[in-house]
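Let me begin by presenting the structure, written as structure tokens, before commenting on it.
The values are calculated or read from the model by the stated rules, or taken from the named source; none is laboratory data. Quantities reported herein were computed from a predicted structural model and do not represent experimental measurements. With ideal geometry, Cβ positions are generated from the backbone for all residues, glycine too; neighbour counts draw on all protein chains shown. SASA here: full protein model, heavy atoms, side chains in, ligands and nucleic acids out. Shrake-Rupley method; radii C 1.70, N 1.55, O 1.52, S 1.80 Å.
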Amino acid sequence: MPFTTNSSVIGANLGNSDGATALFGLGNTLMGSNDTEWVYVNASVALTTGSVVVINSSGTAALLNGTLSTTSTGKQIAFSQGVFAASDYGWVARRGNGIYVLVSSVSTVNVILYNCDTSGTLTTTSATNTIAGIALITASATGVPSAVPAFVSWPRLVTAPLIV
């Protein structure tokens, strides 16, 4: 689903790469359709639709993985809504309705999600850190990581298990 901006930012191409040239300041935010919020970043590695990234203070987005998640508590988590090459600039979604999230293997609606050792993906299998603030809208029945739509509201790493 294409997202549109609700802010007065001319030329913002939400969800897609702007290429190797920055068109906006790193860390800039804007509001978009479907209650989305976007952050302008520089991708440190290639990203696919739904990739889970951690945004550092300089505006660089790195894939969330098992190692990075131990040092990422309190940092911004966002999701690529398109394809980025390494070193590309563009907007990633921090929250909203219908945001694509990359989930490994089989998942169901409204389950607890965890960080995954596979870079940029989440899993329903219990792991070190719970990822709070994400509710899947659609189940995934494939054995490979797939991008599924979710309600995302202030996603964050939680080191203690959630009680449901």
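Each residue in the range 57-67 was checked for being at pLDDT below 90 and either surrounded by 16 or more Cβ atoms within 10 Å (Cβ to Cβ) or touching a helix residue (DSSP H, G or I) at 6+ places or on another chain (Cβ under 9 Å) (or both), and 2 pass. Of all the listed residues (ALA43, ALA86, ALA135), the sole one being small (Gly, Ala, Ser) and modelled with pLDDT under 95 is ALA135.
If I filter the range 33-53 for residues that are among the aliphatic types (A, V, I, L, M), assigned to a loop (DSSP other than H, G, I, E, B), touching a residue at least 40 places away in the same chain (Cβ under 8 Å) and farther than 18 Å from ALA86 by Cα, do I get at least one hit? No, there is no match, as no residue in the range 33-53 is among the aliphatic types (A, V, I, L, M), assigned to a loop (DSSP other than H, G, I, E, B), touching a residue at least 40 places away in the same chain (Cβ under 8 Å) and farther than 18 Å from ALA86 by Cα.
Scanning the range 1-23 for residues being open to solvent by 30 Å² or more (accessible area, probe 1.4 Å) and touching a residue at least 24 places away in the same chain (Cβ under 8 Å) gives a total of 13.
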